[in-house]
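Reviewing the structure listed below.
The values are calculated or read from the model by the stated rules, or taken from the named source; none is laboratory data. As the structure is a computational prediction, the values presented were derived from the model and not from experiment. As a convention, Cβ positions derive from the backbone with ideal geometry for all residues, glycine included, and neighbour counts pool all protein chains shown. Each accessible area value is taken on the protein alone, full model and side chains, heavy atoms only, with ligands, DNA and RNA left out. Shrake-Rupley method; radii C 1.70, N 1.55, O 1.52, S 1.80 Å.
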Amino acid sequence: MRDQWYVQNGNRVAGPFSRRQLAALAQQGKLKPHNLIRNGQQGEWQPVSGVSGLLPAGRPGPSPNEKSGTPEKPSAEPSPTLSPIMLVGLIGGAVFLSTAATAVVCVMLLTRPSGDENPGQPPPVVEDSAPEPESESFLPQPERERNDVTAAPAEPAAGPAQAPAPARVAAAPAEPASPNVTAEKTRPAEKQKPLAKPPAKVVTEVQPLLPPIPEEKVAISDAEIRKFERGVKLERRAVHACARYEVFAQSFAFTPEQQTEIDSTLDEWKKRSEADLYRLGSDWVPREEVVAAEQSAEQLIQRAVALIEVGNFDGCIEQLEDANRENPNGIKAPFLLGLIWSLPFAGLNGPDNAEKYFRVVLLRHPNHPAALNSMALAQIKQGDHNAAFRNLEEAASLADVCPEVVQNLGRFIRLAESGRIKTTSATLRRYSDLYSELIATKRGPEFNDRLGWLHMLPVFPTAEREESAETSAAHVGKGGEKLVPMFSGSGFVVAPGYVMTNRHVAVDENLGVADTIGIPDPANPKNELHGTVVAVSDEVDLALIHFPKLTAKPLPLHPQKIDLASDVLILGFPRGDVLGTGMKATQGVITGLPDATRQGELGRYYIFDATSDQGNSGGPVFDRTGRVVGVLTFLYREGASIVSQGVVSQGIDAELSGGVTSESAHAFANQHIARFAEQAAPDAAKFDDWAQLTRSVSPSVFRLTVYYRAGLPQLQVAADLGQVKRSAMEDYTCPRCNGGSRLPCPQRGCQRGEVSVKYFDSKVIGVGTNRTVMRVPRYRKERCPRCEGKASLDCPDCVIGIDTTLLR
Ligand SMILES: [Zn+2]
Ligand SMILES: [Zn+2]
């Protein structure tokens, strides 16, 4: 815990910083001689000038390149951390405090692949404390109350109506009490430190995890460079893109031609980064422009929804298309367009258009289960059953529970078996296999033949969701807003009513902080208790969730680091989709202690040789005495590719897990739970074996289901006004005619209701004795007997486009 410096900044405290980082800040002129700093959270405050070696020799001028020597600490470690670019990150309040963070492919263990390779680089904590009116400029002054604990600038997405956490929770089912109740019961209330700092310490921007620069550099192909560059361009913030590109630029042995290209691209990124630009579509613009685009798109969307309510679908589509152009980052407008071209209430039935818009959603937000599922339906309507299958399969792999996918697979199978959908037996088998697998793993109820195709309620990213925070109260009552289970993870009780898990379980890079998190109610496993995310660490991958009604016993955190090669046991809920949702245990030893030479955030973590998988995230790691020594966080995966999704990585010949130490977990809990530190140090218990230990601790280990509020409440209301009372997300369009209720006339040669009839004419050719009579073929148009001139027949499977098997 040495060399963890905190800096007073106004009435906040920033840190921890390493000494090197402080020196760099001083060098930049961001830290003045009179600023107060302390070493460790309990250290004495002292002026910067009182600590030798921090202030530059000369003026506090900005010369990032030349490091002024420090007498006692010769600049033995010229730090890659302190490049100007990294400092931009730092000044922006966010991040890159450590050098390139992690190693190897580090897969976060949420049950869901998307974006999990970025567990996030912590910004320094800025906590409320010691009042000191003077404010220095090296940390941004927070403009938003909601962010009062993070120095991180609000991300581009943050809309104007920032809902504090309690407001969100109001929308969650079964969430009664305020966060204070449990502790007031258990402890005398003399020391009125708030139990948890409510509104959640909302992290709205997840930092990219930077891989280390390899010691041995290998060549890289032009194609791989381009692939990496494409990935970098998808970052939302230039500062992050630039940081990643910087590491990339140092990680390979480039050819001279490549080097020239790389250098110029890096220059470009540095310029964007210095200007702190954000991505809007493929342009890089100031943040205000992104916010303005989001706001104007949101207005257009509101207008569009109002038009749906009066049945003006042409007008609605026009507004949504404008919104789609206005905010090229958004997915709400294209998603709505896709639905309008899919769902029967608009009477449009344009699966090709629907597919186009769902594709837009997926370009902007890959791995969106609702868009994948809906796109598959559009593809089924167009006869592209294999593409549809791949999308359904992917949607199922992303969504923890996916009744819609199960229903759609079942419906496809039923229609194919009855000959109403024509497909090959191989395709049908793939659908059947996936269906059986999902049913076996309880991912949804069995196919219901009284139901049509089902679209999933979509969840939108923070910026496009905030709007509904204001209106949510109005809609919740109507059942318009639903919570959608998106991900799952593991967690354990750390204090009465508090569950600890990983930050990356509680906060999604794209969707923001979870709206609520569910655990099975120990008193009645059929029920779920719902909790609120009350704190998120900026330093390590941890979050705290408060469950007012949870009475399970807290598990003791081990007060110290434990020895290398100590036995450990991991409990958690990996891969519910494959392994079932019951608890799983794996055992191993501590393979690696926290180690500063492992770069970045991961230098603070343990490494275990016990295996783990997605869904283990946030699960406790026990020693032989039943104390929690760590919180499982990531996985080193064997043999990784060099460039994957824009992340450069190196292979490793073992499968290892890693996790936050109990020391860090203790410090974090102590910061947010009143009197946490006063709890008696846990006694080491004696257990005969792991099984006995597991029986003892498992009632305090939970599988977490992470919920987000679904969007589109208004659309739902609009659809309820439709002719038949049905779920707005049910597509009961007849699969034979795609809702048109007419089929093209099957009569051979029938064109616009007419068929050509062949007849022969006699013709006399030649003169005199050469005259012959020839039979010449002629054609005449006649009314088609099959369709009686209508060119089409009534579809036998539906009434006005509604599948007859679904009529009620
Ligand atoms: Zn039909
Ligand atoms: Zn005909």
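The table that follows gives values for the structure above.
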read-out	value
Rounded FRET efficiency, nearest 0.05, which uses the C-beta distance separating Q747 from M774 and R0 of 45 Å	0.90
Student exercise, the stretch 222-286 dipole from Lys, Arg, Asp, Glu Cβ charges, in Debye to nearest 20	380
Whole-Å distance, taken between Cα centres, linking the stretch 755-804 and the stretch 515-551	73
Among 689-695, 566-572, the order from most to least packed when residues are scored by Cβ within 10 Å on average	566-572, 689-695
Dipole magnitude (debye, nearest 20) for the stretch 369-457, charges at Cβ of Lys, Arg, Asp, Glu	280
Solvent exposure of the stretch 369-457 as accessible area per residue, Å², 1.4 Å probe	38
Shape category assigned to the stretch 222-286 from the gyration tensor of Cα positions, a/c cut at 1.5	prolate
For N510, residues with placed amide H under 5 Å, excluding near neighbours	none
Protection proxy ranking of 374-384, 498-508, 618-628, 438-448 - average other beta-carbon atoms within 10 Å, highest first	498-508, 618-628, 374-384, 438-448
Summed side-chain charge close to G659 - residues other than G659 whose Cβ falls under 11 Å, Lys, Arg +1, Asp, Glu -1	0
Whole-number accessible area per residue in Å² for the stretch 222-286, which is evaluated in the context of all protein chains at 1.4 Å	48
The stretch 397-417-the stretch 426-446 distance, computed between alpha-carbon centres (Å)	7
Cα gyration tensor, the stretch 336-445 - rounded (a/c under 1.5), prolate or oblate	oblate
Whole-percent carbon and sulfur share, accessible surface of the stretch 218-345, 1.4 Å	49
Of K763/K790; K227/K270; K482/K549; K227/K271; K332/K422; K381/K790, pairs whose Cα-Cα distance is over 27 Å	K763/K790; K332/K422
